[in-house]
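Structure first, commentary second.
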Amino acid sequence: MSFPWAKHYAPKHPLTRFLDEKLPLPRLVYNAVGAGYPVPRNLNYMYNFGVLAGFCLLLQIVTGVILAMHYAPNSLVAFGSTEHIMRDVNWGWMLRYGHANGASFFFVVVYLHIFRGFFYGSYKAPREMIWLLGVVIFLLMMATAFMGYVLPWGQMSYWGAKVITGLFSAIPLVGEPLQVWLLGGYAPDNAALNRFFSLHFLLPFVIAGVVILHIWALHIPGSTNPTGVEVKSESDTVPFHPYYTAKDGFGLGVFLICYCAFVFFLPNYLGHPDNYIEANALSTPAHIVPEWYFWPFYAILRAFTADIFFIPAKLMGVLAMFSAILVWFFLPWLDNSPVRSGHYRPLFRKFFWFGLIPTMAVLFYCGGAAAEEPYVMLSQVATAYYFLHFLVVLPIVSRIEKPKPLPFSITEAVLGSDNKAVLSENAKSAV
Amino acid sequence: MIRFIGIAAGAFFALSVLWAFVTGAYSAATEPAPETAEHAFHKHPKELHLASDGPFGTWNLEQLQRGYQVYKEVCSACHSLKFVAMRDLEQLGYSEAEVKAEAASWTVPGIDPNTGETTTRPGEPTDYFPSPYPNNVAAAAANNNAIPPDLSLMTKARHDGSAYVYSLLTGFQQQPTELLKKFPSAKTPEGLHYNPYFANLNLAMAPPLTMDGQVTYADGTKATIDQMAQDVSAFLTWTAEPTMPKRKQTGWPVLGFLLFATILAYMAKQQIWSNVKPAKNKQDD
Amino acid sequence: MATSTGTPQGNAVAPEAGENGVRRRDFINIAAVSAAGVGGVATLIPLVSQMAPSKDVLAESTTELDISSIEPGQAIKAVFRKQPVFVRNLTQKEIDEANAVPLSILRDPQTLAERTKEGHHNLLVTMGVCTHLGCVPLGAAEGENKGEYGGYFCPCHGSSYDTAARIRKGPAPSNLVVPDYQFTTDTTILIG
């Protein structure tokens, strides 16, 4: 579905005409990310991150499939085969650093994409399904990244696997058998490494599938925009190609500069030195931390240090960590303000900038810090606000807030006036 | 309905974690975590400047050769270098013949071609540096239960790794008397050695570089303890990532090209958007 | 599945309606789909259970240990099911410390006697796996931090165990697990 003024695909060359008849793939591309897709004309640079996330997925699949040609998923040789890639495989060091930092940058991009969605209310009706699929993609990404981090079989790989699968043992009754089943043993070993490799290879393609659904769902209502006002007329939109392909091309260039700066000059900055020590089941690193993109959730996990009635602290932590993401699924219904964009929501905006953003910053910081004071207490306060923000503040704010007046249309917001808007206002007053 | 359940769930999580906060704050106030000797006396690595530092850094081959000599004559008695092959020595500036001769000076495990028994033979360039112990049990038994770690990746496996190796090698000292006064139970146990650069202060490794001139450098450099420690740190920086200069040298043209392409992309974008340029931007916050 | 609504038009064969309006051919269709369902579920059994520990993993489920060389105050680390086991020979002081703790203040109340074998109350055999998230606590090797209570200390999230390896402080929910073991002779134990 699209807007009535969307351009129609009209193949001219005999080959494209032939294709259009037999397999209309060029038509699909034309309508999905080409000139046939009208997009609000006022998208800012925060709207670049969707395309960039797609690029990151592609980058990870390409580098990952190549790395899999050289890597051996066996606990006896996995660490050595990673070093073999680094030392002996032609350009292996670049592929591996590119893949490892690619994961980090994928998360940077996706976090900014989510941030954009939070601020501009992209999750609101009629775009709930896009948002839900996005949260599914995020969960799949986390699972994929976790299993990928296990593959080099360093100390952090091993202990990360042990700690994260140890979370399942918090589930009453079935927890411990479930953990043994997941690992295929009593502790991470060859069985676990092998299945993690298999799933790490599989899941990106599942993600790609869900991404297609995510984009499909996006094309039904079309993109949001910083005003949150729906598209009304042709003057509100520009065709995706060439306008946004050009803008995304520029964004991609900026992204690649940052990414390559890390790959070539700071390749281990986002990693952890302990992962250059081969996995050792008998010695725990002094300070186990997951990769940086899990820190907020790890901080929430560790914040629960006291039993609540009959629920042990450990189970509370696990429940809270999963709930911290699950709560996003309910966001479209928790925040039911009719106004989408944070620009026109004064109260929402205060809680967003002075509540949620500092909270996330504290959780990021504390999740990477050692489990000692004051970090535990800080993360406890931040965790409390995190849940209050989504589950208490947003529903109440969306009820009591008095939004600022919205522009009549995107065109008016951009140009200061909209001829059609003036016309229709006149028409109204005439009646 | 969903909002009522949501508010209840939110309150539940928030109150539980605040309860944890209260109990944590109470126990932190009543029984503060005791300070440990590690916390008070551990030191961050000293500064070390190597030719390979920085975005333009590359190897100082003479220093790497000296460092290799220190590894061979001192470290290799206990530490393996299992991810480095003799053929890699060519990167240190040795000729093919020199590498062959150097490899032959190492003894590696082999198989007797007539009997099939395990035996030893001189190394070849394709061999990896041999481990001084046949297995971990032997390594532990020979070293008072502490297995000497493999050194291939040591400088990447520690924060600020090159400086760490240098500091550790030059950091052995008597346990400070203030430490014993403050933490009487933290006395260095028998068989361990005090070193403030080591994470828990007491290290199983005895000081390996004990006197100036322990190694006689082929290039005539004076082999002070400090010099040897620097050289072997440089060498281990190389073993950890032999491809490092290539990485940096590739990075510059890549960044240069990307900068050029991005500027082009920006200009193209400006040109394409010029006909829909907003007269006035109202997005002011 | 067309199971409920009336006869399709243009059906040449006379409808053979059963007592409940279910015709024989509907029944065959239902049975066929059910059989496919049963087959599908049955296929899941091998697909799910292949994830469980394999025979070679299960075969490593016992470990025999010689404990004669552990001096009082010392501990050894061994491996049981690919996980560390601590065997600690407690000094009299450590035993007294453990016995002096009132059970009421313990998170997971157990006496030292319950955690050791009759006649060998000085020999504490526990898994070296923190009950919080599975890290290996410190304190078994010479010179390691034994924590505030003189037993074991887990560096991951700061759980402290006392000399009977009971949880005293930190997030771990229970004491270090005592595996099943028996004395095969006075100086050897069989774990598992």
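Which of the GluC sites (Glu not before Pro) across the stretch B:94-137 are loop residues per DSSP, with 15 or fewer other Cβ within 10 Å? All intermediate terms of the calculation are to be shown ahead of the outcome.
Numbers: sites: B:Glu96, B:Glu98, B:Glu102, B:Glu117; in loops: B:Glu117.
Answer by residue number: B:Glu117.
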For the stretch C:79-117 and the stretch A:78-105, what is the centre-to-centre distance using only Cα atoms, to the nearest Å?
46 Å
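Order these by the 10 Å Cβ neighbour count, fewest first: A:Phe49, B:Phe41, A:Phe18.
Working: A:Phe49 24, B:Phe41 17, A:Phe18 11.
If I rank by nearby Cβ atoms, fewest first, I get A:Phe18, B:Phe41, A:Phe49.
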Computed lengthening from A:His70 to A:Leu347, 0.36 nm per intervening residue step minus Cα-Cα distance
94.3 nm
Please list, ordered by chain and number, the residues whose modelled amide H lies under 5 Å from the amide H of B:Leu203; skip anything fewer than 5 residues away on the same chain.
B:His193, B:Tyr194, B:Asn195
So what's the back-of-envelope 222 nm ellipticity for the protein assembly as shown, counting only DSSP H runs of four-plus at -39500 (n - 2.57) apiece and dividing by all residues, rounded to 500?
-15000 deg cm²/dmol
If each of B:Thr126 and C:Gln74 carries a label point 7 Å out from its Cα toward its Cβ, how far apart are those two points in nm?
4.6 nm
Counting partner chain Cβ atoms within 10 Å of every residue's Cβ in A:285-293, what's the average?
2
Please give, to one decimal in nm, the separation of the simple spin-label points placed at C:Asp180 and C:Met51, each 7 Å out from Cα toward the Cβ.
2.5 nm
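How many partner chain Cβ atoms sit within 10 Å of a residue's Cβ in peptide A:384-391, on average, as a whole number?
On the way: counts 11, 2, 4, 10, 7, 2, 4, 11.
Average neighbour count from other chains, rounded to a whole number: 6.
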Whole-Hz couplings from phi, Karplus 6.51/-1.76/1.60, listed for the stretch C:49-57; x for Gly and Pro
7, 4, 6, 6, x, 7, 4, 5, 5
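Roughly how crowded by other chains is peptide C:48-56, in terms of the mean Cβ count from those chains within 10 Å of each of its Cβ atoms? Each step should come with its number before you reach the end.
Numbers: counts 1, 1, 3, 8, 8, 8, 4, 0, 3.
Across C:48-56, the average partner-chain Cβ count within 10 Å equals 4.
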Mean Cβ count within 10 Å, highest first, over the residues of peptides A:307-313, B:58-64:
B:58-64, A:307-313
What's the FRET efficiency of B:Ala218 with A:Trp91 using the Cβ-Cβ distance as r and R₀ = 35 Å, to the nearest 0.05?
0.55
Mind checking which of A:Trp153, A:Pro267, A:Ala53 is farthest towards the positive end of the stretch A:37-286's charge dipole, using Cβ charges of +1 (Lys, Arg) and -1 (Asp, Glu) about the Cα centre?
A:Ala53
I need the phi-derived Karplus couplings for the stretch B:249-262: 6.51 cos²θ - 1.76 cosθ + 1.60, θ = phi - 60°, integer Hz, Gly and Pro marked x.
5, 6, x, 5, x, 4, 5, x, 4, 5, 4, 4, 5, 5
Alpha carbon centroid spacing (whole Å) that separates the stretch A:119-157 from the stretch A:353-404
20 Å
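For the residues A:Leu301, B:Leu259, what sequence is obtained by ranking on other C-beta atoms within 10 Å, fewest first? Don't skip to the end; give the middle numbers.
Numbers: A:Leu301 29, B:Leu259 14.
So the residues, fewest neighbours to most, are B:Leu259, A:Leu301.
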Pull out a ≥ b ≥ c, the square roots of the eigenvalues of the alpha-carbon gyration tensor of the stretch A:232-385, then state rounded if a/c is under 1.5, prolate if not and a/b is larger than b/c, and oblate in the remaining case.
oblate
So what's the gap between the Cα centers of the stretch A:179-202 and the stretch A:24-64, to the nearest angstrom?
35 Å
Sorted by packing (mean other beta-carbon atoms within 10 Å per residue), highest first, where do A:70-81, C:67-78 land?
A:70-81, C:67-78
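Tell me which DSSP H helices of chain A clear both cut-offs, 15 Å or more of axial length from alpha-carbon atoms and a mean Kyte-Doolittle hydropathy of at least 1.6. Provide the component values of the computation, followed by the final result.
Numbers: long enough: A:49-68 (27 Å, 2.34); A:92-120 (41 Å, 0.72); A:128-150 (34 Å, 2.02); A:155-168 (20 Å, 0.51); A:190-219 (44 Å, 1.42); A:245-265 (29 Å, 1.55); A:313-329 (24 Å, 1.95); A:357-368 (17 Å, 1.43); A:375-388 (19 Å, 1.10); A:419-430 (16 Å, -0.54).
What comes out of the filter, once short or polar helices are dropped, is A:49-68, A:128-150, A:313-329.
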Under a crude label model (7 Å from the Cα following the beta-carbon direction), how far is A:Ile220 from A:Leu178 in nanometres?
3.1 nm
For the peptides C:98-109, A:55-66, A:339-350, what is the packing order when you average, over each peptide's residues, the other Cβ atoms within 10 Å and list the highest mean first?
A:339-350, A:55-66, C:98-109
Of the cross-linked pairs B:Lys72/C:Lys77; C:Lys93/C:Lys169; B:Lys182/C:Lys169; B:Lys187/C:Lys82; B:Lys82/C:Lys82; B:Lys72/B:Lys222, which ones have a Cα-Cα span greater than 26 Å in the structure shown?
B:Lys72/C:Lys77; B:Lys187/C:Lys82
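Quick check on the exposure proxy: order C:Leu133, B:Leu169, A:Leu331 from fewest to most C-beta atoms within 10 angstrom. If you can, show how the numbers build up before the last one.
Details: C:Leu133 27, B:Leu169 24, A:Leu331 20.
The fewest-first ordering by Cβ neighbours comes to A:Leu331, B:Leu169, C:Leu133.
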Calculate the FRET efficiency for A:Met46 and A:Glu373 from the Cβ-Cβ distance with a Förster distance of 35 Å, rounded to the nearest 0.05.
0.45
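No lab work stands behind these numbers, since they all come straight from the coordinates. All of these numbers come straight from a predicted model, not from anything done at the bench. We place every Cβ from the backbone using ideal geometry, glycine too, and count neighbours over all the protein chains shown.
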